[in-house]
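Asks: One structure, pasted below without further comment.
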Amino acid sequence: MKSASAPPTTQVLAELRYQPVLLRSLWLSALLLLCYYPILSRLVNEWLTNDDVSHGLFVPLAAAWIVWQKKTELLQTPTKPSKLGFALLIFGGIFVCIGPPDLQTFAFLTRLAFLVSLVGLLLAVCGWPIVKQLTYPLILLVLMIPLPGFVYSRITLPLQLLASQIAEIGLEVIGYSVLREGNIIHLPRQTLEVVEACSGLRSLLSLLFLSQVYIYLFDTRPWMRVVAVGMIVPIAIAANAGRIILTAVLSQVDQAWGHGILHAFTAWGIFVIAFGLLLATHWLWNLVGNMFVYRTASRKVT
């Protein structure tokens, strides 16, 4: 006699139900990538050649990994295709046709159009429930797009001045005679200029992405992802000011130490320290939060 076969599990049924949706999603995604190939190829080339956005290469990998981790939840989510998705696809297509793609502003718009079209594709095929599940990795993908030139310049100069001011205060605290003129710091033996590359924007963007990956891995509270942004901004600014102070001190010992390989090495060192400060701040946040919860619970018991 043949034994009765075991009933299929819920996950197997969900996978069978989703097979047509997955097939449609795959070939439509392939078409979307084909349409945006010139734009995406330029974006990848910028990741590989521009140090300011080198972290962008890892953003889609991290987003894809997060989606894979949510596979079970996605399979159990019902599909409700929305006509709004087609409107977003058309809207994204219009942006692709705007202006010469080599200009930074238009390049930013066309890259943003890819994300708009991606959301439109998900809405058209799967619907709002799936898009809601994928909100976080979709937002994370924004970090792979370099800032347009006019935004970059408006952010860079204030960061240069802020880093110069903090460095001036730090150098005076440790006993150095300092005269600052804007982003130029005059020391007894050398004059340092805090250029755009030293504004800290590069490390800020990289740390912002790294902080989101860290929080996703080690903290299950979704609101902590927003808190991580608030934590990493002052940490990145303080770390960059610390690098300027270190460069100034080293240049007083030997002027050659203020630039070159040693100067580049300090950037990596400060980046590691900044990430360590993020870990410490997150630990302290949890410690204070747990103490608050414990005291609140104790008061309720008494």
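Bear in mind these aren't lab numbers, they're just calculated from the coordinates by the rules spelled out. Note that the coordinates shown come from a computational prediction; the quantities given were computed from them, not determined experimentally. Every residue, glycine as well, gets a Cβ built from its backbone with ideal geometry; the counts of neighbours run over all protein chains shown.
Asks: List every residue whose amide H lies under 5 Å from the amide H of Arg180, counting only residues 5 or more places away in sequence or on a different chain, with H placed 1.01 Å from N in the peptide plane.
Replies: Sorted by chain and number, the residues that satisfy this are His186.
Asks: Considering only DSSP states other than H, G, I, E and B, which trypsin sites (Lys or Arg not before Pro) in the stretch 33-96 qualify as loop sites with at most 12 other Cβ atoms within 10 Å? Don't skip to the end; give the middle numbers.
Replies: Working: sites: Arg42, Lys70, Lys71, Lys83; in loops: Lys70, Lys83.
Passing both the DSSP loop test and the Cβ count: Lys83.
Asks: What is the calculated FRET efficiency for Leu31 to Phe150, with r their C-beta to C-beta distance and R₀ = 35 Å, to the nearest 0.05? Please report the intermediate quantities before stating the final value.
Replies: Details: r = 33 Å, r/R0 = 0.94.
The pair Leu31/Phe150 has a calculated efficiency of 0.60.
Asks: In addition: With a cut-off of at most 15 other beta carbons within 10 Å, and DSSP calling the residue loop, which trypsin sites (Lys or Arg not before Pro) in the stretch 124-207 qualify? Please list them.
Replies: On the way: sites: Lys132, Arg154, Arg180, Arg189, Arg202; in loops: Arg189.
The qualifying sites are Arg189.
Asks: Return the long-range amide H neighbours of Gly127 (sequence gap of 5 or more, or a different chain), with a cut-off of under 5 Å between placed amide H atoms.
Replies: Lys80, Ser82
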